[in-house]
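The values are calculated or read from the model by the stated rules, or taken from the named source; none is laboratory data. None of these values were measured; they are calculated from a predicted model. Cβ sites come from the backbone with ideal geometry, for glycine too, and all protein chains shown count toward neighbours. Note: accessible area is taken over every heavy atom of the protein model, side chains too, but ligands, DNA and RNA are not part of it. Shrake-Rupley method; radii C 1.70, N 1.55, O 1.52, S 1.80 Å.
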Amino acid sequence: GKKQVGNRLMDLSYKTSPFHRVLDRTLIQGGDFTNKNGSGGLSIYGDTFRDESFERRHAHAGLLSMANKGRNTNGSQFFITLKSCPHLNGRHVVFGQVIEGMEVVRQIGRLPTNAQDKPDMAVIIENCGEIDKSTGNPAGAIVASSVDTSKIEKKRQVDEYEESDSEEEEDDEEEDTSASLNPKMKDRLEALKMKMNQARKLNNKAIVEEDERNNDPSYEKRMKQQENATKREQWQKQNEDMGISKDHDYLRDTLAKSESLAKKKRKKEENVAFAWDAFNPESYYRAYRKRVKHVDIDEDMYKEQLDNPDIQKSVSDDRKQLLADDITNQLNKRKGFSRRRAVYDEEDIDYINERNRKFNKKLERNYGKAAAEIKANFERGTAL
């Protein structure tokens, strides 16, 4: 189709647009038919549109997924995976899969690139459109051109030859130099070789860990658990060496740590409140104490009201202004920690005012999953 953009009418088509980004063994990205460099794109809904379902995962190669610049910023750019990419789950929407021509996708993924991940050879979408269902031929499917496989194969052979040649030269040089060295220099050379082997092992280990980190979503959590377990074992071993039992390990705590733990415990006990216990008089009193914490008490008025509770005394303007200033400071402080939550105009209106809307959001967040089946039964009329 076509869409008016400024003073010109643009074709909403991938035809003649390039694959502008290639991440080696990870993905290839294209779809920028406006600027053709990764900075543009346009959709039939406007500049961007909202995310759809994140249900499908980036579990293997050949998956088509939307490229974006954050939440709900989908345009026309897309990418095709070359391997499992679990780090993209929940961020990009998978909407399709390559059913034919995956070898072409892998050839594009092996292209040499520059520092900005742009392929050195142009990869252009020669044609695109819907598959002809009557014939079953992908006459209008996306077809990439300008991929010279001979250049890729030639580059691979040259790289292999240069690597093998450099290894042979290194071996020859080592043999020649080792024969002409004195025993002291030979020992030093052997020590350097050992260090190089150790560095090579560390590099291989780092590569394996990086691969695990990319493919395992729970890698960081698992490593943190192992680190904590190691620290606990070391702590227990030190306690055993000092003759301290497991029940008395608090004896090694410093005064500052003991005070900090006691303070956290008191704060936790004071602020504990359950959902059914959130609006009782005690919680209201705690909220009141928190709000007037920085307001000074008038001792004379307080004692006078203790002696005669029925007395009615007017509060001075200075006291009122002091309370108003304190509330204003609290509101200003709260603004610095507020989170902006997106409000979508298309959502169903199930509230009567702003306060009711926030309350419904909290109910859904805390009890929505547990009450989903009950709600469905009410809607179907099958509730007991």
Q: Given the conditions (1) modelled with pLDDT under 80; (2) open to solvent by 100 Å² or more (accessible area, probe 1.4 Å); (3) outside any helix (DSSP H, G or I), report the number of the one that Glu269 does not fulfil.
A: (3)
Q. Using beta carbons and a limit of 8 Å, which pairs, at least six apart or on different chains, have the first residue in segment 227-251 and among the basic types (Lys, Arg) and the second one in a helix (DSSP H, G or I)?
A. Lys246/Gln236; Lys246/Asn239
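Yes/no per residue for (1) surrounded by fewer than 15 Cβ atoms within 10 Å (Cβ to Cβ); (2) not hydroxyl-bearing (Ser, Thr, Tyr):
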residue	(1), (2)
Pro18	no, yes
Gly41	no, yes
Asp47	yes, yes
Arg57	no, yes
His60	yes, yes
Ser76	no, no
Phe79	no, yes
Q. Pairs under 8 Å by beta carbon, first residue in a helix (DSSP H, G or I) in segment 194-222, partner of a type in the set (S, T, N, Q), six or more apart or different chains?
A. Asn215/Ser84
Q: Would you be able to say whether some residue in segment 295-316 is open to solvent by less than 70 Å² (accessible area, probe 1.4 Å), part of a helix (DSSP H, G or I), closer than 30 Å to Glu269 by Cβ and at pLDDT below 85?
A: no
Q. Just to be sure, is Arg232 loosely packed, with under 11 Cβ neighbours inside 10 Å and either of a type in the set (D, E, K, R) or over 25 Å from Ser84 (Cα atoms) (or both)?
A. yes
(Q) For segment 85-106, give me the residue count where each residue is open to solvent by less than 40 Å² (accessible area, probe 1.4 Å) and in contact with a helix residue (DSSP H, G or I) (Cβ under 7 Å, 6 or more places away or on another chain). (A) 2
